[in-house]
Amino acid sequence: MMQQVDGFMNLRNRFVVPSTLPSCTRPEKAVMKSYQLTLTFNMALYLIEDPVEKHSLHLHKNKFHTYKQAFLQGEKPDVKLLGRLFRFYKFFLMTPLSLEDGGNSTLAKYFSVLVSTLCLVYPFFSNYTYLRITKDIPAPVTTFLPRLLLSIMNSLFLVSSFLNANTFMQENWRAVLKSLDQAEYILRKLYFEPVRKDLRVTGELLFIFIPFLAATSFQIYSYGFSGNPDLFLCNGGAILTYLCMCLFLFFMLRLNDILTTRYNFLEKELQKTVFEQTKDQEKVRKLAEIILLYKTFKILIDDLNKVLGAPLFFYVCVIVSLLLTTFSINMNVDNSDGYNNNITIHNIVASVILIISMVVLIMSCNSVEVSGDKLVRTCYMLHEGCDSQPVKDQVMQLAEYAEQWKPNLSAAGFYNVNQSTLSAIFEAVITYLVIIIQFNLALA
C-alpha cells in the first residue's frame with residue numbers, strides 16, 4: 001500500500017497545477033486547493049505513460065488483465081459492440097488470439113506465422129494453376145500481370161492482418177484497449193452518453209455482407225457451371241480475402257464512429273464548459289480533464305495506426321488491383337461464351353461493390369479528421385470570446401494540442417486516409433488503365 005502511495009506522489013510531481021488565483025479569499029483558496037489536489041490525483045491515476053498499477057503489488061500478475069476486462073465489459077453500446085467484434089474476430093485471426101502473458105501468447109504467434117506462410121505460398125500455387133488451365137487460351141501479358149498483382153495483394157492483406165494481430169503488434173493492441181478504457185472512464189466523469197445507432201449498425205451489416213454473400217454464391221455457382229474444379233482452387237483464396245475485407249470494413253466503420261462521436265462530444269463539452277455560469281476554478285478543472293482526454297485519444301490513434309495501418313493500406317491496394325484486373329480481363333475475353341459472360345458480369349459487379357466499400361471506408365476515416373479540425377476551430381473561437389484569463393489559458397493550451405495532434409488515420413505511414421485520398425486513387429487507376437490500353441494496342 002505504501003508503494004502505491006509513493007507511486008501517486010511521484011506522479012503528482014509531474015504536473016504543474018495553477019496556484020491560487022490573485023484575488024481569492026481564504027475560503028476560495030481552500031476550495032481551489034481542493035480542486036488542485038483532486039485534479040492532480042485524477043491525472044496521476046489515468047496518465048498514460050506511467051499508470052499507477054506499476055506501483056501496486058496486489059493486482060493480477062498480468063497487469064493488462066484489468067484493462068482488457070474493463071474494455072470487454074464496457075457499458076456504452078458502441079463500445080460493447082466493438083468488444084464483441086474484438087472477441088468474434090479472433091476466429092479469423094484478425095484480433096489477438098491471446099493478450100495474456102505466457103504460453104498462450106507464444107502459441108498464437110506461432111499459429112499466425114504458420115497461417116501467414118500458407119497465405120504467402122498460395123499466390124504462386126494459384127497462378128500456376130491458372131496458367132495450367134489457360135495454357136491453350138491465347139492471352140496477352142496485360143491479363144496475367146494484373147491478376148498476379150491482385151493475388152499478391154490479397155495475400156499481403158491477410159498476412160498483415162494476421163501478423164499485426166498476433167505477432168508484431170500485441171503490445172500496441174494492449175495499448176489500444178488500455179487507452180479506450182481510460183478514455184471511457186474520463187467520459188463517464190463528463191457524463192457522456194452516446195446515442196444508440198442500432199438502425200445504422202444494421203444497415204452497415206446489410207450493406208457489407210449481403211453483396212458479399214450474393215457475389216460469393218454467384219462465383220461458386222459459376223465455377224461449378226464451368227465443370228473445372230481447378231478454378232475454385234486458384235480463386236478460393238480470393239473468397240477468404242474478401243470475407244476478411246468485409247470484417248475489416250465493419251470493424252473500421254464502428255471504430256471510426258466511436259472516435260468521431262467522442263471528438264464531437266469534446267467540442268460540445270468545451271463550448272458548454274466555457275459558457276456555463278460557474279466559477280473559473282470549476283471551468284479550469286473540466287478543461288484540464290478535456291485536455292487529458294484529448295491526449296488519451298491521440299495516443300489511442302497512434303496505436304491504431306500501428307495496428308491497422310498496414311491492413312488499411314493493403315485494403316486499398318486490393319481494390320485498385322481488382323479494378324485493373326477486371327478491366328484487363330474484360331478487354332480480352334470472348335463474351336460469346338456463356339461462362340466467360342458470367343465471369344465478366346461477376347467481375348464488374350464485384351468491382352462496383354468494392355469501389356463503394358472503399359469510398360465508404362475512406363469517408364469514414366475522413367469524418368474522424370474533420371471532427372478534429374472542428375475542435376481546433378472551436379478552441380480559437382472560444383479563446384477570442386472568453387473574458388477569464390485562466391480559462392483562456394486552458395483553452396489556448398487545448399488549441400495548441402488540437403493543432404499539433406490532429407486525429408489522422410494513416411495507411412501504414414504512406415499517406416493519411418481522408419477525402420483527398422479518393423482523388424489520388426482514381427487518378428492512379430486511370431493512369432494505369434491508359435497504360436494497359438496502350439500496351440494492348442502495341443501488342444495488337
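When you work out D = kT/(6 pi eta Rh) for region 64-443 at 25 °C and 0.890 mPa s, using the Kirkwood radius from C-alpha pairs as Rh and the Stokes-Einstein form, the result is 107 µm²/s.
Ordering 166-172, 283-289, 380-386 by mean Cβ neighbour count within 10 Å, with the highest value first, yields 283-289, 166-172, 380-386. When the listed pairs LYS197/LYS298; LYS178/LYS295; LYS197/LYS295; LYS80/LYS374; LYS178/LYS272; LYS268/LYS306 are checked against a 20 Å cut-off, the alpha-carbon distance exceeds it for LYS197/LYS298; LYS197/LYS295; LYS80/LYS374; LYS178/LYS272; LYS268/LYS306. If you wrap the Cα atoms of region 314-444 in a convex hull and average its projected area over all directions, you get 10.4 nm².
Near ALA183, within a Cβ-to-Cβ distance under 14 Å, what is the net charge of the other residues, with Lys and Arg +1 and Asp and Glu -1?
The answer is -1.
The protection proxy used here, the mean number of other Cβ atoms lying within 10 Å of each residue, ranks peptides 262-268, 310-316, 387-393 as follows, highest first: 310-316, 262-268, 387-393. Over what distance in Å are the Cα centres of region 403-444 and region 294-326 separated? Cα centroid of region 403-444 versus Cα centroid of region 294-326: 14 Å apart. Close amide-amide hydrogen proximity is noted between SER410 and VAL417, each under 5 Å apart and 5 or more residues distant or on a separate chain (H modeled in the peptide plane; Pro and chain starts excluded). Remark on region 258-336: Rg and Dmax equal 23.7, 79 Å (Cα only). Remark: C-alpha extents of region 98-205 on the principal axes read 70, 41, 19 Å, sorted largest to smallest. Sequence-ordered 3J(HN,Hα) estimates for region 167-184 from the Karplus curve with 6.51, -1.76 and 1.60 and θ = phi - 60° stand at 10, 8, 10, 5, 4, 5, 4, 4, 5, 4, 5, 5, 5, 4, 5, 5, 5, 5 Hz, glycine and proline given as x.
Any read-out appearing in this document is the output of simple, stated calculations on the displayed coordinates, not a laboratory observation. What you see is a predicted model, and the numbers here were worked out from it, not measured in a lab. Cβ: placed from backbone, ideal geometry, glycine included. Neighbour counts: every protein chain shown.
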